[in-house]
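See below for the structure under consideration.
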Amino acid sequence: MNNNKMIPLSVPNLSLDILENVKETIETGWVSTGGRFITEFEEKIAKYVGVEKAVSCQSGTAGLHLALRVLGIESGDEVIVPTVTFIVAVNPVRYMGAESVFMDCDDTLNMDMDKLEEFLENECDFINGKVINKKTNRVIKAVIVVHVFGNPANIEKLMEIKEKYNLKVIEDATEALGSYYLEGKYAGKHCGTIGDIGVYSFNANKIITTGGGGMVVSNNKELLDRVAFLGVQAKTNPLYFIHDEVGYNYRMSNIQAAFGVDQIDRLEGFIETKIRNYNLYKEAIENIEGLRLLPFRADTRANHWFYSVIVDKEKYGIDRDELLRKLNDNNIKTRPLWGLIHRQKPYIENQAYKIEKAYYYEENLINVPCSSNLSEEDVEIVIENLRSYKE
């Protein structure tokens, strides 16, 4: 089926109403790292996810870097991370001079908490409140859990592990704004608000965007105060420019926040559209032999940020890579799963524990168009192409 219309993978859903906010930043001169929209955006995010305070920053990556810093991760430490993620979830560990230990995924694409527990029990010693990696003799201080594609991870099991082993938990919720738990101990809690610290991203492909930018949340006000302090160059005395430690230029601009205060008000509508389109895909793909749409966890309200289709070459007739080429050649923008991080050049020497399931998803997964402004007509075009390649 030939398609002349370009159907993007995931693009911003912007309204011209934002221009009034941007106009105000220009008229007042508050275009940089001060201005009322920054405070308003922080307050709106905090209220939406149900925390007392949120601190804005330059990007999700900056937020993760600050999180590691304020949680005391130091050179020579180790942090447990997923191999199924975008590499920016892992790089900040190296910024701190620490090293990553890579964990496999489960069938939600999130970190396999059973393997995490097995690793800590069998491959580590727990001495004087510290986890010591037997292989490297390094202290493991934290776990970074990524809520992949907006699908909430098994946070209840992770928090039990955290308490047992005295570990810090950083929630990389950069893809999961709007995802929350419906059942269990954390029913009603948003992704990002349960661990020691959580981070959101507003990159252009995320569910809401400020063009760039991120947000850090925590139930620990002292941690957030430190995040705010370090993110503005650690000014101990702003008037006389006294700096007692090294900080970062990680501030969000007022123009970015001007976008954010409008976008956050539209988030629930975006999620509603994403769920509707996901269900359209689901109904159709169930009838295409050899394709399977990955589900979101039933005990959560996931934001349905990205849709993942699994390709069974034997039953579908072509493999994932050929399907990718055909769709992209026909103006339907699709992509594979990220290359597993433990096999990326900067991390090939790092420890990786029993990576198995991740290989299957790396080889067979494709992400299909999922923008919040994707029309039902566009979904039908994608589905018709998926059917035609099977035929």
> Considering only segment 65-103, how many residues are crowded, with 18+ Cβ neighbours inside 10 Å, without any contact (Cβ under 8 Å) to a residue 40 or more places away in the chain and out of contact with any helix residue (DSSP H, G or I) (no Cβ under 8 Å at 6 or more places or on another chain)?
Replying inline: 0
> Can you pull out the residues in segment 78-98 that are within 30 Å of ILE366 (Cα to Cα) and either touching a strand residue (DSSP E or B) at 6+ places or on another chain (Cβ under 8 Å) or assigned to a loop (DSSP other than H, G, I, E, B) (or both)?
Replying inline: VAL79, ILE80, VAL81, PRO82, THR83, VAL84, THR85, PHE86, ALA89, VAL90, VAL93, ARG94
> Is segment 44-58 home to any residue that is free of Cβ contacts under 8 Å to residues at least 24 places away in the same chain, over 16 Å from GLY214 (Cβ atoms) and assigned by TED's automatic domain parsing to the domain that holds ILE194?
Replying inline: yes
> Given the conditions (1) in a strand (DSSP E or B); (2) buried (at least 18 other Cβ atoms within 10 Å of the Cβ), which single one is not true for ALA153?
Replying inline: (1)
>> Looking only at residues that are hydroxyl-bearing (Ser, Thr, Tyr) and either in contact with a Pro (Cβ under 7 Å, 6 or more places away or on another chain) or surrounded by fewer than 23 Cβ atoms within 10 Å (Cβ to Cβ) (or both) in segment 228-252, which one is farthest from ASP172 (Cα to Cα)?
In response: TYR240
> Considering segment 162-179 alone, what residues qualify as being acidic (Asp, Glu), outside any strand (DSSP E or B) and closer than 19 Å to GLU117 by Cα?
Replying inline: GLU163
> Only one of these conditions is not met by LYS390: (1) modelled with pLDDT of 95 or more; (2) touching a Gly at 6+ places or on another chain (Cβ under 9 Å); (3) within 15 Å of LEU291 (Cβ to Cβ). Which number is it?
Replying inline: (1)
> Yes or no: THR300 touching a residue at least 40 places away in the same chain (Cβ under 8 Å), under 18 Å from the mean Cα position of the chain (by Cα) and crowded, with 23+ Cβ neighbours inside 10 Å?
Replying inline: yes
>> Based on this model, can you work out whether GLY184 counts as touching an Asp or Glu at 6+ places or on another chain (Cβ under 7 Å), assigned to a loop (DSSP other than H, G, I, E, B), under 20 Å from VAL143 (Cα atoms) and touching a residue at least 12 places away in the same chain (Cβ under 8 Å)?
In response: no
> Do you know which residues across segment 43-58 are crowded, with 21+ Cβ neighbours inside 10 Å and assigned to a loop (DSSP other than H, G, I, E, B)?
Replying inline: GLN58
> Which is under 21 Å from SER10 (Cα atoms), outside any loop (DSSP other than H, G, I, E, B) and outside the structural domain of VAL101 (by TED's automatic domain parsing), of GLU314, GLU384?
Replying inline: GLU384
> Quick one: in segment 195-227, which of the residues that are more than 15 Å from the chain's Cα centre (by Cα) and part of a loop (DSSP other than H, G, I, E, B) is surrounded by the fewest Cβ atoms within 10 Å (Cβ to Cβ)?
Replying inline: ASN220
>> For a quick check of your reading of the model, give me the residue pairs whose first member lies in segment 281-294 and is among the basic types (Lys, Arg), whose second is part of a helix (DSSP H, G or I) and crowded, with 18+ Cβ neighbours inside 10 Å, with beta-carbon atoms closer than 8 Å and at least 6 apart or on different chains.
In response: ARG292/ILE285
>> Go through (1) within 24 Å of GLY150 (Cα to Cα); (2) in contact (Cβ under 8 Å) with a residue 24 or more places away in the chain for TYR248 and report which single condition fails.
In response: (1)
> Somewhere in segment 21-29, is a residue part of a strand (DSSP E or B) and in the same structural domain as GLY214 (by TED's automatic domain parsing)?
Replying inline: no
> So which residues in segment 320-343 are surrounded by fewer than 15 Cβ atoms within 10 Å (Cβ to Cβ) and part of a loop (DSSP other than H, G, I, E, B)?
Replying inline: GLY339
> Residue check, SER75 against (1) closer than 27 Å to TYR186 by Cα; (2) hydroxyl-bearing (Ser, Thr, Tyr); (3) out of contact with any strand residue (DSSP E or B) (no Cβ under 7 Å at 6 or more places or on another chain), all met but one. Which one?
Replying inline: (1)
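The values are calculated or read from the model by the stated rules, or taken from the named source; none is laboratory data. What you see is a predicted model, and the numbers here were worked out from it, not measured in a lab. Positions of Cβ are generated from backbone atoms using ideal geometry, with glycine treated the same way; all protein chains shown enter the neighbour counts.
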